[in-house]
Structure formats: C-alpha cells, structure tokens
Amino acid sequence: MIYLDSAATTAVRREVLEAMWPHLTAEFGNPSSHNEPGVSASAALADARARVAAVLGCRGSEVVFTSGGTEGANLAVTGIALATPRGRHIVTTAIEHPAVLESCDYLERFHAFEITRLAVHSDGLVDLRELTDALRSGTTLVSVMYANNEIGTVQAIAAVARAAHAVGAAMHTDAVQAPGSLPLDVRKLGVDALSISGHKFGAPKGVGAVFLASRIAIEPLIRGGGQERGRRSGTENVAGAAGLAVALELAEQARMANTVGLAEARDRFIRDILCAVPSARLTGSASSRLPGNASFTFAGTSGESIVVELERRGIICASGSACAAGSDEPSAVLLAIGITPEVAHTAVRFSFTEALGIDDLAVVARELPRAVAAVGAGRTN
Ligand code: PLP
C-alpha cells in the first residue's frame, strides 16, 4: 500500500510507542498522587512538557496537553475570547478548520461576539491588507491557520501576528498540519496561542498540545481538579504526552533534514500530473505550500471515484478533508477559493511525509492518469 493521506492521520511511530509503553504498564501512576508511582508519573509528564516546549521555543508552563487539535483550537479561541472579551470581535478566515469556525459560531451565538470571516485569494492566501482593514482597536482575537489541511496553503503567520498585536488583539494559529513541515518556534512566529495534534505526526489519536503564552488569560473549557494549571482539568494522559513529545522531536528533526527534498519531490509530482492529465488543476498556492501536499481538481470526473480507483491499485489518498468526510457537501475550503460546487466534487488530495519513498510518488504519477481515464470512461463505482 502506498499511503498518501498523512494530512488525515499517520501511523504511530515505533519510537513513540516505546516511549509510551512504560507509562501504560509498570509506571502507571496518577501524576496528581503523592505516592511513589504518582511522583514518577508527574516527573514523566514534566519531562514531556519540557520537550514539547523546547520544540515550540516556549516555557513548559505555557504548554497544555489536550485531546488533540479540535480541543486545542476550542480552548485557544473560546478560552481567550471568554477570559478577555475586550471589544467582542474576532477575525478569522473562511478556510479554517471547523474546530475554529464552530468555536467562532458559538461565541457569536451565545456570547454576542462579532466575527469577521475573511475571504481568501484563489490560492488560499489571506490578503494582509484586508486583514489589517478588518482589525480595530477592540479586536479580541485573530485566528488564522498556519497551513490548510485540504489545499496545503501556508499563511504568513508572523505578519498576521504583527498586525493583530498592532491593535492589541491576541493571535492564535491552528498549526495542526505544521509539525514536520514548518518551523514551530512560537516566539519567531509571534503568536500567543498555537495548537497541534499528535496523530498528524506519528503520535496516537487523542493527544495534542496547545501553547498558551503566559501573558494570556484563559477561561478553561474543562473544569474540575485543576490539572494543567487550571487550564484543562482531568487526569493527564501521561503516556500520550510522552509519545507526543518524542513524535514532535522526530518530526522536527525530519523537517530540519528534509523539507527541501520533500518539496522538490512534491513539485516533480505536481508537474508530472499536470502534464499527464489535461483536466488536472492544482488547488492552493504553487509556492506557499506544505512540502507534503499536492491537491488537484479533475473537472468532468468524480474525486470520490478516482480515490476508489486508486485504492484498487494500492494507493490511498483522499477526495476531501477527512474532517468533512461522510458529507456530500462540497468542501467549504474549495468553494472559498472560488471553485464551483461541481468542480469541487472532483478534488483529490495527496498528502505525504518524508517517510514516503520517492519511487512511491513516481508510481502514483504513473497510476493516476490511468485512474482518471478509467473514471472518465465510466468505470466508476
Ligand atoms: N485543524 C486542522 C488544520 C486539521 O487538519 C485537523 C484534523 O484534520 C484538526 C484541526 C483537528 O484535529 P484533531 O483530529 O486532532 O481533533
């Protein structure tokens, strides 16, 4: 099987599983307990926190472990907005993940926030001038994703954060697609909050982390025993945190070693597909793009049928965002970049990491035109 759906999820890495194992077996203590197993669990949690903080370039006390990207975005957006309502105004974009968009909808409906949802250019990039125009002195929060999960467009987060701070607004970025691909230093990015999710980079599903700068007030979403400095109650997932730390370190090492090579392989793949399939159009930006994302539309076909056809040939990819899977609605992200609903239904996304062999992409480049032709010839499912 050639797996090109790493934007949806990844396998747990062996090193990660090995780091987790002791905390699921012999060292099973509750980090809040004062007995010996508890103290040892607490030390393991502190170690994981410090290692995540080292990659993010922040203090350990600024890292909150969560259940994943959805919770991290909910905590950052809702938690910051409710703790410091200021002018009750949030600026975000039309192409955010539902974890951000629905947090904004909630604040609008139940807490009288005004939400500005910025349109984006046809390559998925936010217009910095439009963003600046939307900001006002009372803006509470700006939430702009680092990289889009469907089309791979990477935003100029440091510039967005500077604009947000110029009016005193806090800045959150949904960085779920960034580990292993983009720099994560929160001080260089200039953000106040950044959320990540373990299962996108070799840790298990159900564990994530959010950086919350110490200067930012936060209203918790989960109340209880006061764990995570009161920002996220509930007995901590020690094994998950230990695994997340190792996975994040490995992703960062891979990024430093390999991003250019991966981006080159992606560009070769994109060129091959655009050349071999006349109906193929790249979605997203050609230049400001995740190194492991190649996504296309194939007008006149069906994305779903191409995915099934490729799967028959041992190639796994996606017809849309996994988060929106199960829905027949065209992708809101594709509509936001100006693609018609009809063409949006022909989208296929290939997402991969450095673990993929270069030869694998060549196999896909050979099989995809055949799959598109088979679908076009009516051999759909
Ligand atoms: N944000 C983005 C950009 C994502 O791609 C995803 C998942 O696909 C999420 C948030 C949600 O993360 P999780 O699955 O950990 O809840």
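For the pair His34 and Ala156, the difference between a 0.36 nm per residue extended length and the Cα-Cα distance amounts to 39.4 nm. Over all directions, average the projected area of the Cα convex hull of the range 74-128 and note it in nm². Across all orientations, the range 74-128 yields a mean hull projection of 3.9 nm². With q set to 0.13, 0.20, 0.21 Å⁻¹, the log10 of I(q)/I(0) for the range 52-169, from the Debye formula over equal scatterers at the Cα positions, is -0.51, -1.22, -1.32. Here the translational diffusion coefficient of the range 256-317 follows from Stokes-Einstein with Rh set to the Kirkwood radius across Cα pairs; for 20 °C and 1.002 mPa s it amounts to 167 µm²/s. Ranking Ala365, Asn35, Ile273 by how far each Cα lies toward the positive end of the dipole of the chain (charges on Cβ) leaves Asn35 at the top. Go ahead and collect, in residue order, the members of the range 152-190 whose backbone nitrogen is under 17 Å from a label point 7 Å along the Cα-Cβ direction of Ala286. Only 152-154 pass the distance filter. In the chain, the longest principal axis of the Cα atoms and the axis of helix 14-24 are about 30 degrees apart. Please state the shape class of the chain: rounded when a/c is under 1.5, otherwise prolate if a/b exceeds b/c and oblate if not, all from the C-alpha gyration tensor. Oblate, because a/c is 1.5 or more while a/b does not exceed b/c. For the chain, the 222 nm mean residue ellipticity estimated from helices alone, with every DSSP H stretch of n ≥ 4 adding -39500 (n - 2.57) and the total spread over all residues, rounds to -13500 deg cm²/dmol. Electrostatic tally near Gly338: other residues with Cβ closer than 12 Å to its Cβ, Lys and Arg +1, Asp and Glu -1, net 0. Local charge for Ala112 was computed over the other residues whose Cβ lies under 15 Å away, with Lys and Arg +1 and Asp and Glu -1, and equals 0.
Of the residues Ala53, His121, Val100, the one whose Cα sits farthest towards the positive end of the charge dipole of the range 25-144 is Ala53 (charges of +1 on Lys and Arg Cβ, -1 on Asp and Glu Cβ, taken about the Cα centre). Compactness ratio for the range 96-156: Cα radius of gyration over 2.2 N^0.38 Å (N = residue count) comes to 1.17. Computed over the alpha carbons of the range 42-91, Rg followed by Dmax gives 13.6, 41 Å.
The numbers here are math on the coordinates, done by the rules we state, and not lab data. Quantities reported herein were computed from a predicted structural model and do not represent experimental measurements. We place every Cβ from the backbone using ideal geometry, glycine too, and count neighbours over all the protein chains shown.
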